[in-house]
1. Stretched out fully, how many nm does the piece from Lys224 to Ala50 gain, at 0.36 nm a residue minus the Cα gap?
2. With just the Cα atoms defining each centre, how far is the range 288-349 from the range 194-245? Give it in Å.
3. Determine the per residue accessible area of the chain with all protein chains present and a 1.4 angstrom probe, expressed in square angstrom.
4. Would you work out the relative contact order for the range 1-141, in percent, from Cα pairs under 8 angstrom that are 6 or more residues apart?
5. Are there trypsin sites (Lys or Arg not before Pro) in the range 73-134 that DSSP marks as loop and that have at most 13 other Cβ atoms within 10 Å, and which are they?
6. Ranked by accessible surface with a 1.4 Å probe, highest first, in what order do Phe322, Phe4 come?
7. Expressed as a whole percentage, what fraction of the accessible surface of the chain belongs to carbon and sulfur atoms when a 1.4 Å probe is rolled over the protein heavy atoms?
8. Which order do you get for Glu65, Glu59, Glu186 if you rank them by accessible area with a 1.4 Å probe, largest at the top?
Amino acid sequence: MKQFDLIIAGGGLAAARAVKAYREAGGEGSVALLSQEPTLPYHRPPLSKAFLRGESDGEALVEQETFYSDHDVEVLLGTTVTAVRPGERTVDAGTERYRYGQLLVATGSRPRRLDVPGADLDGVFTLRTGEDARALRAAASEARDAVVVGGGFIGLEVASSLRQRGIETTLVHRDPALFRLLAAPELERELTALVQANGVALVLGDEVEEFGGSGGRVDSVVTKAGRTLATDLVVVGVGVDPVLDFLAGSGIAIDNGIVVDERFETSIPGVFAAGDVANFPDPLYGRRRRIEHWSHASYTGSIVGQTLAGADASYSTVSSFFTQAFGLTLKVLGDHTGSDELVTRGSLRDGQLLGKYLADGRLVAAVLVGQTDETEARLKDLIAERAVVDPSFELSAAR
């Protein structure tokens, strides 16, 4: 049985960041990275944007291949961890079993699929991996009509990219409003108008009842309200679930992800989790959170890597995420849950927008478009300080 001082289960951004941080913090143990995918860790955000539009080819690797050999990391691609046995300090992967000193679980998420007739037809896609993106891009090159199911940010990004390829695109969303997660009605209306102005047809307050097809391939989407939408392809973007099934019977505490402490260590000593799968205590907000964004995977992978090397590292940042569609980059800083006031200046039409979410007059989150890096950094500082702010403020346009 092969043994490693550190095994990382997962081959995404958090895993790559953990490897780098572990070595930079002085971690000298043997390291194995077990990745289900056939490709070295890469950045996922471009898959729904530049890659899907045909503006880039291939995955954007987090680190080049030589990085892993230079840092003495054994990379086992196409290797799926199927069980964790903390009592034995081993993991099962296929027919092999590996012993670990420390274990990091960074297996990320998988897209939800719709449980409706026709969901397994050819031409019905989800988008998570490079393989997904290549298959979708190939189908898009021959498509005239597309339906995107789901009105979250992945749905927006895919609809934008397909429309920019010249494909007639319809977005179906079960909520009567888009982007309700922003809790900003005026901004939601502006974003909806932006989507429509760029030629994406919206079907709101309706759900998919079935996918129709012939010869094993999708050719229509039937909704519960009785609409039939002709299509050449469908992209389902209705959320993701953390990949945790292989932890059954391990004794590792699970509750909306893997429950970790402030060091991102699980209920089992020596086993850690980072990225999408980790349900962690956010000291800024005084509550547990599980975050599924690029910046979170990057940050937590790095701090856990340091911890695994024996450094004193903990979560101490203002969370953030961004989305890009139709030439617009929108960023959200912090968490507006529990806010009681939103004050905004500017508009999407002007390409400049700044909104502050307040709770009892204190800044807890912000949403921004077209602002400078200095403004973004200052907002993060104010959020971290829970600063009492004057609701009036000026825009600071990005240069």
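The values are calculated or read from the model by the stated rules, or taken from the named source; none is laboratory data. What you are looking at is a predicted structure, and each value in this text was computed from that prediction instead of being measured. Neighbour counts are summed over all protein chains in view; Cβ atoms, including those assigned to glycine, are modelled from backbone coordinates with ideal geometry. Only protein heavy atoms, including side chains, enter the accessible area calculation; ligands, DNA and RNA are left aside. Shrake-Rupley method; radii C 1.70, N 1.55, O 1.52, S 1.80 Å.
1. Numbers: separation 174, 0.36 × 174 = 62.64 nm, distance 3.32 nm.
Stretched fully, the Lys224-Ala50 segment lengthens by 59.3 nm.
2. So the separation of the two Cα centres works out to 29 Å.
3. Numbers: 17390 Å² over 399 residues.
On a per-residue basis, 44 Å².
4. 32
5. Values: sites: Arg89, Arg97, Arg99, Arg112, Arg113, Arg128, Arg134; in loops: Arg89, Arg112, Arg113, Arg128.
Loop-located and lightly packed - Arg113.
6. Values: Phe322 80, Phe4 15 Å².
Largest to smallest exposure gives the sequence Phe322, Phe4.
7. Details: 7820 of 17390 Å².
Roughly 45 percent of what the probe reaches on the chain is carbon or sulfur.
8. Working: Glu65 135, Glu59 45, Glu186 95 Å².
Sorted by accessible area, descending: Glu65, Glu186, Glu59.
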